[in-house]
Amino acid sequence: MNENVRASTRNVAIVGPYLSGKTTLLESLLSVTGAITRKGSVRDGNTVGDSAAEARDRQMSVEVSAASTEYEGVRFTFVDCPGSVEFAQETYNALMGVDAAVVVCEPANDNNENGLRQKVLTLAPLFKFLDDWEIPHLVFINKMDRVSNNFMDMLHALKAVSKRPLVPHQYPIIQDEQLTGFIDLVSEQAYQYHSGAPADPIPLPASLKAQEQAARAEMLEELANFDDHLLEELLEEIEPPQEEILQDLKLELGADLVVPVFCGVADRDFGVRPLLEALLREAPEPQDTAQRRGLGATAETPIAQVLKTYYTPQGGKLSLVRVWQGKLTDGIVLNGTRAGGIYRLLGQQQNSINEAEAGEIVALSRLDGVKTGDTISANGQATELPKADILRPVYALAIAPEKRNDEVKLSAALTKLLEEDPSLMWEQHGDTHEVILWGQGEIHLQVALDRLRRKYNLPMGTHLPQVPYKETIRKPAASVHGRYKHQSGGHGQFGDVYLDIKPLGRGEGFNFSEKIVGGVVPKQYIPGVEVGVKEFLVHGPLGFPVVDVAVTLTNGSYHTVDSSEQAFKQAARLAMQTGMTQCEPTLLEPIASIEVNTPSEFTSKVMQLVSGRRGQILGYEGRSDWSGWDKLIAYLPQAEMQNFIVELRSLTLGVGSFQWQYHHLQEVPDKLAERVLATGSNGNGNR
Ligand SMILES: Nc1nc2c(ncn2[C@@H]2O[C@H](COP(=O)(O)OP(=O)(O)OP(=O)(O)O)[C@@H](O)[C@H]2O)c(=O)[nH]1
């Protein structure tokens, strides 16, 4: 084991809400550390973080992107994560493998209570994930060039969504509404920013002394909550030594007890070097993270976890892994598969290396059969490391290849897409026969479809999925007669049956029985009757599969020469055709049971949304594990679910979410049933 390499590595995820400036910050970090000589911009589509075609097209990150660089002899691997909620799975998977995260956010445009509250709410799910998994994190308030100074207001507002206390690490210097520098609250040294060059030390502006001291006192008091020695010093008004403050920051950040807060302007590199310095000095080292995860610092068996899987445009497979223990060497066999090569990444650029030490994040090629989240080891027997929960799908499209003979290629390509992104799912629906692609939202699915087209040459058509309606009957019919008689020279065909048809209770399915007395329908023909009935029920009188029906064969007759199982099957179908129309067929729709999670201030709006979509609210309560959030339980017709997530997000600043599962079938209200049967649509976007 090489302790030096371990101690000289830092793995940092860059996370935060949509468009807060994460990719821009990565670009700046890479430029400041010399990994790139020319800075790209998101607008020009030439950043390292957004190098995938799908990201460039949309000017947004759609998957995690790793980039390694060096600063002051330490190797930093940054993992730029997408901010959109639709790609949250990518972020959660990556966070499981880093030592620390930088949460990039923007200050509020409206510096009033409401504006600040709205801004920080968009960070709530991310903070919850970081808090739940105890991932050390710090905050970088970016875009400080856009608003007048509300650094401390923003910091205080963030407390509403963070379990851990937020600790100011800097205080911004603003002149003429422009961010010109910062004061480091540990050393109380002020600095002036310069574009493209490190900040210069300057005397602390007298006008900011009072604010600086208040912010510093806040930092020290928060740190002292976890350090009695510091607390004593503060009580006795002894100035603590800087080393002690730095040590506390390192220990308390490393144990995820506090969240230090920085500020800057990523697209001008302002605040980026101080952030790097803090990561260098204070971010936890890889072996500490491994120990916190219960992995032995001295164990040598190589163990790694897959944080992301890429299928490159050239068709190769790359697995981005965190090496938790041991050393990966060229040609290593992991979980029974020999890795093709080991690479350090710089976005899409792959730099081949011979080995990777514990604590590094590297890419391995050609690990067939290994998926995102998997734990892989040299002996293939490592205990599965914890992985982020897989988000349940909330949005669906029916897809079909534009070229018919591409159908065979589709399932192999979908399997690869799912290896890359576990929050996608696909199924071939049993009733409607459509191939349904499920995911986290419209853009998520569009990106998946782009990948099918670009990487697998599979252009796809899409449409809204059909609602898998079923039908049943309201009334019974007794002794329905069906006779099949066919004479065409030689053997004839003869079958003759009487059936009783009865409705069953909801969910009871299908039942077939017989009450034949005296062999009027010989035993060997009765299975034919049952098959005939079942075949008919696949498409009932309304055109949908029939459920909750009991059919009894009560009587019939046969012919010694002409009868056959086949003829009785036909007779049963004829009886069902006549009988079912007398039974008041009625349309049934699938109802999902849903659980919606929303900030409490939006609960009443969410209830209106659910009721407005024919939902039935069963109750709601405050979440015991998430202060300020409610959980609402309801039944919602599946026909109303297509755009539910879109509306839910638009009502809740994008943070509301829901999970669903099929619950029961329910009669469609008459008026709506008429519309579905007449037009094939429920008038709500679904067919
Ligand atoms: N004014 C200003 N704009 C910035 C700053 N940093 C980034 N931007 C702009 O903000 C927009 C979004 O930046 P990105 O870096 O793509 O944000 P992101 O967080 O990576 O976006 P996603 O990953 O898609 O969530 C771009 O237009 C950037 O040019 C900044 O410090 N100040």
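The values are calculated or read from the model by the stated rules, or taken from the named source; none is laboratory data. Small disclaimer: the values here were computed from a predicted structure and weren't measured. Reconstructed Cβ throughout: ideal geometry from the backbone, glycine too, with neighbour counts over all protein chains shown. Ligands, DNA and RNA are excluded from the accessible area calculation, which covers all protein heavy atoms including side chains. Shrake-Rupley method; radii C 1.70, N 1.55, O 1.52, S 1.80 Å.
Observations
- Cα gyration tensor shape for region 399-463, rounded if a/c is under 1.5, else prolate or oblate: rounded
- Sites Ser600 and Glu442, calculated FRET efficiency, Cβ-Cβ separation with R0 25 Å, nearest 0.05: 0.40
- The listed peptides 582-589, 75-82, ordered by packing as a protection proxy, come out as 75-82, 582-589 (highest mean of other Cβ atoms within 10 Å first).
- Rounded to 10°, Cα long-axis angle of helix 670-679 versus longest principal axis of the chain: 90
- Here the sum of -39500 (n - 2.57) over DSSP H runs of 4 or more residues, divided by the residues of the chain, equals -8500 deg cm²/dmol at 222 nm, to the nearest 500.
- When only Cα pairs below 8 angstrom with a gap of at least 6 residues are kept, the chain shows a relative contact order of 10 percent.
- Pairs from Lys119/Lys163; Lys22/Lys119; Lys387/Lys409 whose Cα-Cα separation, in the structure shown, is over 23 Å: Lys387/Lys409
- Charge dipole of region 552-687 about the Cα centre (unit charges at C-beta), most positive-ward option of Ile591, Thr554, Gln642: Gln642
- Electrostatic dipole magnitude of the chain [Cβ: Lys, Arg +1; Asp, Glu -1; Cα centre; debye, to 20]: 3660
- With every protein chain in place, the chain: carbon and sulfur % of accessible area (1.4 Å): 47
- Rounded accessible area per residue of region 399-463, 1.4 Å, Å²: 46
- Full-stretch length increase - Lys515, Ala210 - with 0.36 nm per residue and alpha-carbon distance subtracted: 100.3 nm
- Cα gyration tensor, region 3-291 - rounded (a/c under 1.5), prolate or oblate: rounded
- Across region 587-679, the relative contact order, built from alpha-carbon pairs under 8 Å that are at least six residues apart, equals 43 percent.
- Computed extension length for Thr329-Asn111: 73.2 nm, one decimal, from 0.36 nm per residue of separation with the Cα-Cα distance subtracted.
- For the residue pairs Lys39/Lys143; Lys250/Lys371; Lys308/Lys605, alpha carbon separations beyond 27 Å are given by Lys250/Lys371; Lys308/Lys605.
- With R₀ fixed at 30 Å, the C-beta to C-beta distance from Met425 to Glu70 puts the FRET efficiency at about 0.15.
- Cα gyration tensor shape for the chain, rounded if a/c is under 1.5, else prolate or oblate: prolate
- Extending 7 Å from Cα along the Cβ direction at Lys403 and again at Ser352 yields two label points whose distance is 3.3 nm.
- Cα-based helix-to-principal-axis angle, 442-456 vs the chain, degrees rounded to 10: 90
- Dipole magnitude for region 410-450: about 80 debye, using +1 per Lys or Arg Cβ and -1 per Asp or Glu Cβ, origin at the Cα centre.
- Stretch gain in nm, segment Arg338-Glu277, where the contour uses 0.36 nm per residue and the Cα spacing is subtracted: 18.1 nm
- Label-point separation in nm, Gln524 to Glu584, each point 7 Å along Cα→Cβ: 4.3
- For the listed residue pairs Lys470/Lys502; Lys502/Lys534; Lys403/Lys470, the alpha carbons are over 24 angstrom apart in Lys403/Lys470.
- Contact order normalised by residue count of region 462-504, Cα under 8 Å, 6+ apart, percent: 41
- Heavy-atom accessible area per residue - region 3-291, 1.4 Å, Å²: 37
- FRET efficiency estimate (nearest 0.05) - Cβ-Cβ, His559 to Gln118, R0 60 angstrom: 0.15
- By the compact-protein rule of thumb, 2.2 N^0.38 Å, the alpha-carbon radius of gyration of region 475-583 corresponds to a ratio of 1.03.
- Taken along the Cα-to-beta-carbon direction at a fixed 7 Å, the label points for Ala550 and Arg483 span 2.9 nm.
- With Cα atoms, 0 to 90° folded angle of helix 603-612 axis to the chain main axis: 20
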